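K.L.:
Can you keep this structure in mind? I'll have questions shortly.
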Amino acid sequence: MPIIEKLPLTLIINGVETKLSVAPWTTLLDLLRDRADLTGTKKGCDHGQCGACTVLLDGRRINSCLTLAVMQDGARVTTVEGLAVDGSLHPLQQAFIDHDAFQCGYCTSGQICSAVGLMAEGHATTADEIRELMSGNICRCGAYPNIVQAIQQAMAQS
Amino acid sequence: MTPFQYVRAIDVAEAVRLIAADPSAKFIAGGTNLLDLMKEDVERPSRLIDISRLPLKTVEETPEKGLRIGALVPNADLAYHSLVAQRYPMLASAILAGASAQLRNMASTGGNLLQRTRCAYFYDTATPCNKRAAGTGCSAIGGLNRMHAILGTSEMCIAAHPSDMCVALTALDATVQVTGPGGERTIAMSDFHRLPGDTPQLETTLERNEIITAIALPPQGFAANYSYLKVRDRLSYAFALVSVAAGLNLEGGRITQARLALGSVAHKPWRDAAAEAALQGQVAGPAAFTRAADILLRGAKGFGHNDFKIDLAHRAVVRALTQAANGTPQSQSNKKIA
């Protein structure tokens, strides 16, 4: 098989322009964790089934495990590390603490990034709608009731 | 993933040239199913041709008051598009019944048509599968086949097509616009997917060197009387056991036109003109709906674990038609089935 060259790529990760060279098969998730040292984004299933890898790509929530980094050349990526502003937690981060919306915490950064996307989309108002539109984020500890309350708090504040 | 080369196509013509030049290349758009299959070594393309930047991302009204949906419109954008929500709520509902918000943000309209079955044996490269490795046998027949097809199966394959969107597109008489080396052509949605027969590895009538550019919807959207009812093992984010897309036109309680398609029961969205014809002119009610379900499911055959799907599908058809007739479509957030 032919030698496959690494490809140059520029991403704006949490507001910082980042230039890298990656093999074509590098997922955005692996780039964030292994190349950009941003390990807040978690690898759960690596198949788009759990939502732990959720990040915001140009403001939209996606599964970072199911996209190739090279396909996103030029995009803005926001991870959980990029949500706080000047040391102040994002309202959703504070709401998750206020409502104890996690137990082990492994799904939490994905839950919070997903909830940021959910609020930006603006299609959820009721608890039923929040549950439905957060269904791509699995919490095996079962913190769902508190997660819904946390999101409702952040929505009420916004 | 098996290593591969990556190239980005700048226009449709170049995409067609690139795919024709390499018999083991594949297009990638949203990537949500292809990358998953590549991680499992089910798909091993030598080269990925990135078509995600092609200018196929608009939803436009056609001169005859239908819609033309670019193949790269993300599923979420399509579901929430105002014209789709108003005129084709059955399609919006079906899209929102599928996958998760994150996946719908990435997955493309054209890619949804080309997604592969979620048969566990197709995914498991350690087991025989005629779809993945022709001639090795079907592990699902006699295996764990709870999710599998009950209609149009063959001795070679009992896989089910997993899409929700495609069920509504089939019911709505959508057409698929494709471009290949010989130019453009249009494929009716009901002709786009194939039954397994002796060649379960062939899932669509799209030629290898063709690219989907758009989906077209005719004007008739059944916006007043429709339902998309999806029955699954958990309330959200699961593939259907059975789904039903139903659309009715009513005049004084009688059905003047009916559309009915089933999902997750066959290798393609399942539609039967005789079931729809049996509804025409009838009073919208349980007698006509039961008869339509009888016709739609004639010839249904279970394989053990999925025997329940025959009864389930029958009841779901009657329920979805009832919801459509009453103007009370199934909600995709409050999952209580009214």
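Every number here is computed from the coordinates shown, using simple stated rules; none is lab data. For clarity, every value in this text was computed on a predicted model and none was experimentally measured. Counting neighbours? That spans all protein chains shown, and the Cβs are built from the backbone with ideal geometry, glycine included.
K.L.:
Just to be sure, is A:LYS43 surrounded by fewer than 22 Cβ atoms within 10 Å (Cβ to Cβ), out of contact with any strand residue (DSSP E or B) (no Cβ under 8 Å at 6 or more places or on another chain), more than 10 Å from chain B (Cβ to nearest Cβ) and in contact (Cβ under 8 Å) with a residue 12 or more places away in the chain?
P.N.:
yes
K.L.:
Quick one: which residue in B:THR290, B:THR256 is over 17 Å from B:ALA223 (Cα atoms) and among the hydroxyl-bearing types (Ser, Thr, Tyr)?
P.N.:
After applying the criteria, what remains is B:THR290.
K.L.:
If you don't mind, there's one more thing I want to ask. If you take the residues in region A:103-124 that are away from every other protein chain (no Cβ under 14 Å) and within 16 Å of the chain's Cα centre (by Cα), which one is farthest from A:THR18 (Cα to Cα)?
P.N.:
Among those residues, the one meeting the criterion is A:GLY105.
K.L.:
Would you confirm whether or not region A:16-36 contains a residue that is closer than 30 Å to A:GLN153 by Cβ and among the polar types (S, T, N, Q)?
P.N.:
No; the residues of region A:16-36 include none that is closer than 30 Å to A:GLN153 by Cβ and among the polar types (S, T, N, Q).
K.L.:
What's the number of the condition A:ILE97 fails, among (1) without any contact (Cβ under 8 Å) to a residue 24 or more places away in the chain; (2) under 16 Å from the mean Cα position of the chain (by Cα)?
P.N.:
The failed condition is (2).
K.L.:
For region B:228-237, give me the residue count where each residue is over 20 Å from B:LEU91 (Cβ atoms) and touching a strand residue (DSSP E or B) at 6+ places or on another chain (Cβ under 8 Å).
P.N.:
Number of matching residues: 1.
K.L.:
Would it be correct to say that A:LEU11 is away from every other protein chain (no Cβ under 14 Å), over 27 Å from A:PHE102 (Cα atoms) and crowded, with 20+ Cβ neighbours inside 10 Å?
P.N.:
yes
K.L.:
When you scan region B:65-104, how many residues do you find that are at negative phi and touching a Pro at 6+ places or on another chain (Cβ under 6 Å)?
P.N.:
Number of matching residues: 1.
K.L.:
May I pose another question? What are the residues in region A:125-158 that are free of Cβ contacts under 8 Å to residues at least 12 places away in the same chain and either surrounded by 16 or more Cβ atoms within 10 Å (Cβ to Cβ) or part of a helix (DSSP H, G or I) (or both), if any?
P.N.:
A:ASP128, A:GLU129, A:GLU132, A:SER135, A:PRO145, A:ALA156
K.L.:
Quick check on my filter: what residues within region B:179-205 are surrounded by fewer than 16 Cβ atoms within 10 Å (Cβ to Cβ), over 21 Å from B:ALA149 (Cβ atoms) and of a type outside the set (Gly, Ala, Ser)?
P.N.:
Matches in region B:179-205: B:PRO181, B:GLU184, B:ARG185, B:THR186.
K.L.:
Could you go through region A:58-72 and let me know if any residue there is among the basic types (Lys, Arg), away from every other protein chain (no Cβ under 14 Å) and surrounded by fewer than 23 Cβ atoms within 10 Å (Cβ to Cβ).
P.N.:
Scanning region A:58-72, I find no residue that is among the basic types (Lys, Arg), away from every other protein chain (no Cβ under 14 Å) and surrounded by fewer than 23 Cβ atoms within 10 Å (Cβ to Cβ), so the answer is no.
K.L.:
Has region B:122-139 got any residue that is within 12 Å of chain A (Cβ to nearest Cβ) and farther than 28 Å from A:VAL116 by Cα?
P.N.:
Yes, region B:122-139 has at least one match.
K.L.:
I would also like to ask the following. Being buried (at least 24 other Cβ atoms within 10 Å of the Cβ) and in contact with a Gly (Cβ under 6 Å, 6 or more places away or on another chain) is the filter here, so list the residues in region B:151-170 that pass it.
P.N.:
B:ASP164, B:VAL167
K.L.:
Within region B:6-23, is even one residue of a type outside the set (Gly, Ala, Ser), within 12 Å of chain A (Cβ to nearest Cβ), surrounded by fewer than 22 Cβ atoms within 10 Å (Cβ to Cβ) and closer than 18 Å to B:THR213 by Cα?
P.N.:
Scanning region B:6-23 turns up at least one residue that is of a type outside the set (Gly, Ala, Ser), within 12 Å of chain A (Cβ to nearest Cβ), surrounded by fewer than 22 Cβ atoms within 10 Å (Cβ to Cβ) and closer than 18 Å to B:THR213 by Cα.
K.L.:
Does region A:80-99 contain any residue that is more than 10 Å from every other protein chain (Cβ to nearest Cβ), within 21 Å of A:PRO145 (Cβ to Cβ), among the small types (Gly, Ala, Ser) and surrounded by 24 or more Cβ atoms within 10 Å (Cβ to Cβ)?
P.N.:
yes
K.L.:
Now a separate question. State all residues of region B:19-72 that are among the β-branched types (Val, Ile, Thr) and either under 23 Å from B:CYS129 (Cβ atoms) or in contact (Cβ under 8 Å) with a residue 24 or more places away in the chain (or both); if no residue qualifies, say none.
P.N.:
Hits for region B:19-72 are B:ILE19, B:ILE28, B:THR32, B:VAL42, B:ILE49, B:ILE51, B:VAL59, B:THR62, B:ILE69.
K.L.:
Would you point out the residue of region A:14-30, among those that are within 14 Å of chain B (Cβ to nearest Cβ) and not in a loop (DSSP other than H, G, I, E, B), that is nearest to A:GLN72 (Cα to Cα)?
P.N.:
A:LEU28
K.L.:
Suppose we keep only residues that are touching a residue at least 24 places away in the same chain (Cβ under 8 Å) and of a type in the set (S, T, N, Q) within region A:69-93. Which one would you say is farthest from A:VAL16 (Cα to Cα)?
P.N.:
The selected residue is A:GLN72.
K.L.:
Now for a separate question. Could you tell me whether region B:287-297 includes any residue that is of a type outside the set (Phe, Trp, Tyr), within 30 Å of A:GLY48 (Cβ to Cβ) and touching a residue at least 12 places away in the same chain (Cβ under 8 Å)?
P.N.:
No, every residue in region B:287-297 fails to be of a type outside the set (Phe, Trp, Tyr), within 30 Å of A:GLY48 (Cβ to Cβ) and touching a residue at least 12 places away in the same chain (Cβ under 8 Å).
K.L.:
Considering only region B:57-93, state which residues are exposed (fewer than 15 other Cβ atoms within 10 Å of the Cβ) and within 14 Å of chain A (Cβ to nearest Cβ).
P.N.:
Passing the criteria: only B:SER82.
K.L.:
Provide a single number: the residues in region B:39-56 that are crowded, with 21+ Cβ neighbours inside 10 Å, more than 8 Å from chain A (Cβ to nearest Cβ) and more than 19 Å from B:THR186 (Cα to Cα).
P.N.:
3
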